[in-house]
Amino acid sequence: MIVLRILGIYILGWVLGIYANVISEQEIKGERHTLPPSLILRRIYLLWILKPIQGIKNRFHRISNRNLRQNKTEALYILVEIIIIISLNFVYIRYGSTGKGLGAFLFIYLLIIISVIDLHTMLIPNRFILILGGFHGLFIVFGWSISWSQALLGALFGGGVLLGIRYFSLLLLKKEGMGMGDIKLAFICGLYLGPSKIMFGMLLATYISGFILLVLLIMKKVKRNQYIPYGPFLAGGFILSLLFYEDIMKIFQ
């Protein structure tokens, strides 16, 4: 029974990961139309269902035979699918098959899609922000999330802190320290996380981004004062805060 459950989570997470990659790819290319089955099937590689281990080997072999840009894109697709499978597993362990579990996974799922789009375009589309906000409203109504008062506080904290950073940077440094897309993302995510988790998520995002940027600077992959998409770091911080906030707080109690 446990094996079947694990297998079911793996297959569901993998298919949802493929679907997320197709949505991201269409948004990046500006192809906002319905998703024909052929696009989904093109990424599924049906042999993976029958021979998943062999499929992984074949897929990595295909990566090694492509140019660098294609390799990076394919590697990102694989990473997205792995992250979604792992996230689905963590959500199931923490929440089980409940409404809160569904709400938590949709939150993570949309953040992953937004991160991939931002990584490629340095833009967070407003329509994804609105979709995320709409879901949050439903989560609160259905009792799958926090109360309205906590949601509003979280939104004000999330959006307010980043908005303050933006204006501080514009006044003193004469450049944007934070994009409006990032501010709107933090505002909307605050509706779901509440004040404590949204602040903790932003703190995690700061540490994660600082560490990764330091490594990239040392490797000379980025330059000083170069603009980078901050959405993926925010999303990572918010997801970690959602899943592990209580566990981390227990350590310091």
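The values are calculated or read from the model by the stated rules, or taken from the named source; none is laboratory data. Everything numeric here is computed off the predicted structure, so don't read it as measured data. Counting neighbours? That spans all protein chains shown, and the Cβs are built from the backbone with ideal geometry, glycine included. We work out accessible area using only protein heavy atoms, side chains counted, and drop any ligands, DNA or RNA first. Shrake-Rupley method; radii C 1.70, N 1.55, O 1.52, S 1.80 Å.
Among 135-145, 178-188, sorting by the average number of other beta carbon atoms lying within 10 angstrom of each residue, highest first, gives 178-188, 135-145. One decimal place: the segment Lys250-Met219 gains 7.5 nm when fully extended, by the rule 0.36 nm per residue minus the C-alpha distance. With 0.36 nm allotted per residue and the present C-alpha distance subtracted, the Ile78-Tyr10 stretch has 23.1 nm of extension available. For the pair Ile228 and Phe168, label points projected 7 Å from Cα toward Cβ lie 1.9 nm apart. Taking every protein chain into account, the accessible area of the range 119-200 amounts to 52 square angstrom per residue (probe 1.4 Å).
For the range 149-253, the carbon plus sulfur part of the accessible surface works out to 71%, probe radius 1.4 Å.
Of interest is the spacing of the C-alpha centroids, which for the range 113-139 and the range 192-253 amounts to 18 Å.
Give the relative contact order (percent, whole number) for the range 188-253; include only Cα pairs under 8 Å separated by 6+ residues. RCO, the range 188-253: 49 percent. Which pairs break 24 Å Cα to Cα here: Lys29/Lys100; Lys29/Lys220; Lys197/Lys220; Lys72/Lys175; Lys29/Lys174; Lys72/Lys221? Long pairs (Cα-Cα over 24 Å): Lys29/Lys100; Lys29/Lys220; Lys197/Lys220; Lys72/Lys175; Lys29/Lys174.
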